[in-house]
1. Over 30 Å between Cα atoms, which of Lys156/Lys215; Lys10/Lys305; Lys66/Lys169; Lys10/Lys147; Lys66/Lys147; Lys66/Lys253 qualify?
2. Starting with the fewest neighbours, write out Glu316, Glu299, Glu383, Glu39 ranked by other beta-carbon atoms found within 10 Å of each beta-carbon.
3. Go from 0 up to the bin containing the longest alpha carbon distance in the stretch 179-364, width 5 Å each, and give me the % of pairs per bin.
4. Run a plain Debye calculation on the stretch 188-227 (Cα atoms as equal point scatterers, no solvent) and give log10 I(q)/I(0) at q = 0.24, 0.29, 0.30 Å⁻¹, rounded to two decimals, same order as the q list.
5. What's the exposure ranking of Ser154, Ser93, Ser47, going from fewest to most Cβ atoms within 10 Å?
6. I'd like the Karplus ³J(HN,Hα) series for the stretch 91-104: coefficients 6.51, -1.76, 1.60, θ = phi - 60°, whole numbers in Hz, and an x wherever there's a Gly or Pro.
7. Please quote Rg/Rh for the stretch 309-365 to two decimal places, taking the Kirkwood radius as Rh and restricting both calculations to Cα atoms.
8. What is the log10 of I(q)/I(0) for the stretch 89-173, computed with the Debye formula using one identical point scatterer on each Cα and no solvent, at q = 0.26 Å⁻¹?
Amino acid sequence: MHNRLVGQQKIRVMQLINSFRRAGAEMVVFDLATRMDRETFEVFVCSIGRCSDEMEDGIRRELLSKDIVTLSLDKPPRRGRVRAMWKLYRFLSENRIDIVHTHCPSPDFYGKVGAFLARSPVVLSTIHNVQGYTALAERILGHLTSKYVAISGSVKRYAICDLLIPPAKVEVILNGIDLKGFSGIALDREAKLLELGIASTSKIVCTVGRVTEQKGHVHMIEAAQDVLSEFPNAHFLIVGDDHADLQLSSRLKQRVRANDLQDSITFTGVRADVAEILSVIDVFVLPSLWEGLCMALLEAMACAKPVIATRCGGPEEVVANGESGFLVPPGDAGVLGQRVKELLADPEGRRRLGMRAKATVKERFGVERMVREYEHLYLRHIEALEEPGVVRL
């Protein structure tokens, strides 16, 4: 068992994620890894699987350029569990990792068991959503977890009420984003729309998120039919991975074609220029059926865009209905479409909501605040290890 005193050596933190992508949890990890105090912490980032595409390779190169060690367990879907666990155990042991910080269910399992085997003294787990976890798993893995972090109040309630995690073991650290990366973007709107294959006279309604059941894209498509009847120059952008659920993606695209909407609805797939796209849109929509705290929503608000989000958990803690955006019932395409039409018909209303949205993100959801709170959490747990009578993993 290694014993590391604060102030003598850097605290070694392993961030464990599903993959090197631009998804919500992965973005949190990227910001933590690149912004933590390097005088105090040495950071490692490990993924369970590997996508082996240009976006993932680019993210890894960026981390490596900042002297952050990256690792992938290269676990194939639904197999290779023992090999992945052994690889993680060896890495944790050889690098004497002090804190293993896991994000999402699969990294939770491998990280917590691997940390137990390697005798890493602190295990932290961030819960990023209000579905996808099980009380049974947490009953088992909770014994191996020093602390849980919920990314919103709704996620904390889910952790306590649904996953049956003791309240004292859960604290809230709200997600944060880099405001500078989503404000003041100087861009030729016409050229950007041309790149996307959209007429420069279009009014752009956009959502950002993987094409999965959770994100509720079907309701946005239903709403689009209503909106286009009054605003034929509206164009709907669905930005995000459309290979995450190929069956669902195929059904949605077929529905678009069947209703002759292919000239008004665009699936962009994964994009590296989300900030630029958000800067040229008119309305942002989050039609999700459930959310922890959506990073894309924060990004759109940081771009001073009017937002329409569903009452599905996290968005209710971000959007003040009628002040910094609109909240609508999840799954209700009629209400969603009506709100979109109201905003498209009201340029001044869009501007007013957008400015208040930006102020909200600046006040409560900055990345610097998020990073400092996680650093304090890490330090509290490392300092507690030096207290007499502490029982370690």
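Read-outs throughout are calculated quantities, based only on the coordinates presented, and are distinct from any laboratory measurement. Bear in mind that the values here come from a model prediction, so they are computed numbers and not experimental data. FYI the Cβ positions are ideal-geometry reconstructions off the backbone, even for glycines, and counts take in every protein chain you see.
1. Table pairs above 30 Å Cα-Cα are Lys10/Lys305; Lys66/Lys169; Lys66/Lys253.
2. Placing the least packed residue first, the sequence is Glu39, Glu383, Glu316, Glu299.
3. Pair shares across the bins are 1, 9, 18, 22, 24, 16, 8, 2, 0.
4. The Debye formula, applied to the Cα set alone, gives -0.88, -0.96, -0.97.
5. So the ranking, lowest neighbour count to highest, is Ser93, Ser154, Ser47.
6. Residue by residue, the stretch 91-104 yields 5, 4, 5, 5, 9, 6, 6, 7, 10, 9, 10, 9, 9, 5 Hz.
7. Rg/Rh for the stretch 309-365 comes to 0.98.
8. For the requested q values the scattering log ratios are -1.26.
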